[in-house]
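Here is the structure we will look at, set down as structure tokens.
The values are calculated or read from the model by the stated rules, or taken from the named source; none is laboratory data. As the structure is a computational prediction, the values presented were derived from the model and not from experiment. Please note: Cβ atoms are built from the backbone with ideal geometry, for glycine as well, and neighbour counts cover all protein chains shown. Heads up: the accessible areas ignore ligands, DNA and RNA and are worked out on the full protein's heavy atoms, side chains in. Shrake-Rupley method; radii C 1.70, N 1.55, O 1.52, S 1.80 Å.
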Amino acid sequence: MDKEQLQNYIASRVAKELSDGDIVNLGIGLPTRVANFIPENIEVILQSENGFLGLGPTPTADNYDPSIINAGGQPVTILPGGCFFDSATSFGIIRGGHIDVSVLGALQVDEKGNIANYMIPGKMVPGMGGAMDLVTGAKKVIVAMEHTAKGAHKILKECSLPLTAVNAVDLIITEMGVIKVTAEGLKLIEINPEYTVEDIKAATEASLIIEL
Amino acid sequence: MDKVVSIEQALSSIKDETTMMVGGFMASGSPETLIDYLCQTEVKNLTLICNDTGLIDQGVGKMVMLKKFRKIIASHIGLNKETGRQMNAGETQVELIPQGTLAERIRCAGYGLGGVLTPTGIGTLVEEGKKKIEVDGKQFLLETPLFADVALLYAAKVDRAGNIVYKGAMNNFNNVMASAAKLTIVEAGQIVDIGELNPQEIATPGIFVDYIVKGRGC
């Protein structure tokens with residue numbers, strides 16, 4: 001798979017986790033692609049943390065409105081039934097447990113469901129934006145990411161980078177498979193048939209409980 | 001009461017060392033006319049409180065490029081590489097705050113609260129130096145109010161009493177900041193007479209606004 005196919009593969013798998021009526025926040029980058037794969041028989045409402053519900057697709061030349069952007073600063077649209085609000089309300093929705101699913105990327109995830117995704121000290125310090133509130137407040141947190149960083153492990157025994165939150169992740173979805181975070185540890189519950197369990201173990205520093 | 005003034009009068013209180021809040025999210029809903037004016041003044045060593053540092057040519061990013069800030073308090077600086085460069089070079093002090101916590105700390109300042117308890121940041125670098133309080137068995141961080149000398153806002157439509165109507169997603173931090181500064185200045189895309197706005201659609205009460213400056217439309 002090339003990078004595009006790989007990201008779409010992960011995004012399409014994440015979309016299967018969504019249920020009819022879910023309020024969902026999609027992070028910048030790969031998670032944004034999940035919107036393209038939401039099954040037609042369910043309706044989900046996308047939240048944008050800059051302040052609206054009912055996030056719609058990228059506008060065409062005809063319906064472009066520069067006052068409507070997503071949290072990544074890209075032009076988007078608002079669907080019928082959507083509404084705008086200020087940042088305090090937006091994060092009330094996020095922190096208050098009113099988001100059913102938060103999908104976001106990560107630099108590292110570990111056996112305890114700890115997540116690091118906002119800085120590499122001395123190198124990359126973009127800031128946490130809304131990520132800390134999202135992973136703390138959402139009912140279900142799905143990490144959607146490539147299994148390794150060009151071969152370097154990202155699913156670890158213990159995160160080494162500054163944490164975004166502790167015990168926050170519920171599910172990790174990569175191009176290799178699906179891993180559930182449980183009290184006993186990380187459970188590999190599904191694999192991409194292109195890979196073997198041994199491939200996945202080799203690409204994962206953390207211990208995996210195999211429950212296929 | 002007519003709060004419409006010239007840009008010179010509105011911004012005359014911004015001096016070196018002023019702490020200013022600026023509305024907007026990735027420069028959407030930012031007061032570009034007020035920012036452009038400040039770019040042309042000599043003021044320096046300002047403290048900025050803003051969700052992010054915009055882009056190099058949009059929003060407060062334009063002031064970052066001119067090194068107007070001694071300190072920046074924001075949730076995200078990733079889309080303006082110059083902020084990161086100044087931070088790494090030790091030229092500008094940058095304090096990163098989770099976005100929801102930033103909104104609540106500003107809201108506390110405007111709403112007479114001594115602080116807010118949030119679970120966000122527990123177990124991370126954010127909790128350093130902060131009081132942890134347990135409520136019903138759950139841990140929270142005490143986050144304190146964040147005040148400013150001046151708040152600079154943007155709105156699509158404002159009446160002469162300062163009542164604000166936003167457009168699209170441009171509200172973001174504007175409404176939250178309106179109450180949290182000693183002096184609140186709104187750049188209005190359109191200024192209308194008192195009585196022309198439907199009271200139901202006003203998102204920010206005019207009593208929070210001190211000055212209105214005619215700015216660019218959206």
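If I filter the stretch A:28-42 for residues that are more than 15 Å from the chain's Cα centre (by Cα), more than 9 Å from chain B (Cβ to nearest Cβ) and within 24 Å of B:ALA103 (Cα to Cα), do I get at least one hit?
No; the residues of the stretch A:28-42 include none that is more than 15 Å from the chain's Cα centre (by Cα), more than 9 Å from chain B (Cβ to nearest Cβ) and within 24 Å of B:ALA103 (Cα to Cα).
Working carefully through the options A:ILE200, A:ILE172, A:ILE179, find the one that is outside any loop (DSSP other than H, G, I, E, B), open to solvent by less than 50 Å² (accessible area, probe 1.4 Å) and either more than 27 Å from A:THR136 (Cα to Cα) or within 14 Å of chain B (Cβ to nearest Cβ) (or both).
Sole residue among the options that is outside any loop (DSSP other than H, G, I, E, B), open to solvent by less than 50 Å² (accessible area, probe 1.4 Å) and either more than 27 Å from A:THR136 (Cα to Cα) or within 14 Å of chain B (Cβ to nearest Cβ) (or both): A:ILE200.
When you scan the stretch A:78-89, do you find a residue that is β-branched (Val, Ile, Thr), farther than 30 Å from A:GLU158 by Cα, buried (at least 23 other Cβ atoms within 10 Å of the Cβ) and at pLDDT 95 or above, even just one?
No, there is no match, as no residue in the stretch A:78-89 is β-branched (Val, Ile, Thr), farther than 30 Å from A:GLU158 by Cα, buried (at least 23 other Cβ atoms within 10 Å of the Cβ) and at pLDDT 95 or above.
Across the stretch B:188-209, which residue is surrounded by the fewest Cβ atoms within 10 Å (Cβ to Cβ) among those that are touching a residue at least 60 places away in the same chain (Cβ under 8 Å) and β-branched (Val, Ile, Thr)?
Top of the filtered list is B:ILE191.
Any idea how many residues of the stretch A:55-80 are in contact (Cβ under 8 Å) with a residue 24 or more places away in the chain, away from chain B (no Cβ under 12 Å) and of a type in the set (S, T, N, Q)?
0
I'm trying to understand the selection: among the residues of the stretch A:120-163, which are assigned to a helix (DSSP H, G or I) and either among the hydrophobic types (A, V, I, L, M, F, W, C) or surrounded by fewer than 24 Cβ atoms within 10 Å (Cβ to Cβ) (or both)?
Residues satisfying the conditions are A:ALA131, A:MET132, A:LEU134, A:VAL135.
If you check B:THR101 against the conditions, is it at pLDDT 95 or above and away from every other protein chain (no Cβ under 13 Å)?
no
Of all residues in the stretch A:81-119, how many are more than 9 Å from every other protein chain (Cβ to nearest Cβ), within 18 Å of A:LEU26 (Cα to Cα) and charged (D, E, K, R)?
Qualifying residue count, the stretch A:81-119: 1.
What are the pairs with Cβ atoms under 9 angstrom where one residue, in the stretch A:125-137, is closer than 23 Å to B:GLN93 by Cβ and more than 7 Å from chain B (Cβ to nearest Cβ) and the other, located anywhere, is of a type in the set (Gly, Ala, Ser) and open to solvent by 10 Å² or more (accessible area, probe 1.4 Å)? Sequence gap at least six, or different chains.
A:ALA131/A:GLY27
Going through B:GLU128, B:GLU104, B:GLU82, B:GLU91 one at a time, which residue ends up being open to solvent by 10 Å² or more (accessible area, probe 1.4 Å) and under 15 Å from the mean Cα position of the chain (by Cα)?
Going through B:GLU128, B:GLU104, B:GLU82, B:GLU91 in turn, just one is open to solvent by 10 Å² or more (accessible area, probe 1.4 Å) and under 15 Å from the mean Cα position of the chain (by Cα): B:GLU104.
Between residues in the stretch B:110-125 that are among the charged types (D, E, K, R) and residues that are in a loop (DSSP other than H, G, I, E, B), which pairs lie under 6 Å by C-beta distance while being six or more apart or on different chains?
none
What's the number of the condition B:VAL5 fails, among (1) of a type in the set (A, V, I, L, M); (2) out of contact with any Gly (no Cβ under 9 Å at 6 or more places or on another chain); (3) open to solvent by less than 20 Å² (accessible area, probe 1.4 Å)?
Single failed check for B:VAL5: (3).
Could you look through the stretch B:69-79, keep only residues that are closer than 21 Å to B:SER28 by Cβ and modelled with pLDDT of 95 or more, and pick out the one that is most open to solvent (accessible area, probe 1.4 Å)?
B:HIS76
Would you check which residues across the stretch B:11-33 are part of a helix (DSSP H, G or I) and within 14 Å of chain A (Cβ to nearest Cβ) and list them?
B:GLU32 - this is the single residue of the stretch B:11-33 that is part of a helix (DSSP H, G or I) and within 14 Å of chain A (Cβ to nearest Cβ).
Please go through the stretch B:118-176 and pick out each residue that is of a type in the set (D, E, K, R) and touching a Ser or Thr at 6+ places or on another chain (Cβ under 6 Å).
B:GLU143, B:ASP149, B:LYS167 - these are the residues of the stretch B:118-176 that are of a type in the set (D, E, K, R) and touching a Ser or Thr at 6+ places or on another chain (Cβ under 6 Å).
For the structure I just gave you, tell me whether B:LYS62 is more than 14 Å from chain A (Cβ to nearest Cβ), in contact with a strand residue (DSSP E or B) (Cβ under 8 Å, 6 or more places away or on another chain) and under 22 Å from B:PRO31 (Cβ atoms).
Criteria not met by B:LYS62.
Quick test of your reading of the structure: B:THR41 fulfils all but one of (1) within 14 Å of chain A (Cβ to nearest Cβ); (2) among the polar types (S, T, N, Q); (3) loosely packed, with under 15 Cβ neighbours inside 10 Å. Name the failing condition by number.
That leaves (1) as the condition not met.
Six or more apart or on different chains, Cβ under 8 Å: which pairs go from a residue in the stretch B:158-186 that's part of a helix (DSSP H, G or I) to one that's aromatic (Phe, Trp, Tyr)? Could you list them?
B:PHE173/B:PHE25; B:ASN174/B:TYR154; B:ASN174/B:TYR166; B:ASN175/B:TYR166; B:ALA178/B:PHE208
Taking the condition within 14 Å of chain A (Cβ to nearest Cβ) and open to solvent by 30 Å² or more (accessible area, probe 1.4 Å), does B:LYS214 pass?
Here the answer is no, as B:LYS214 does not meet what is asked.
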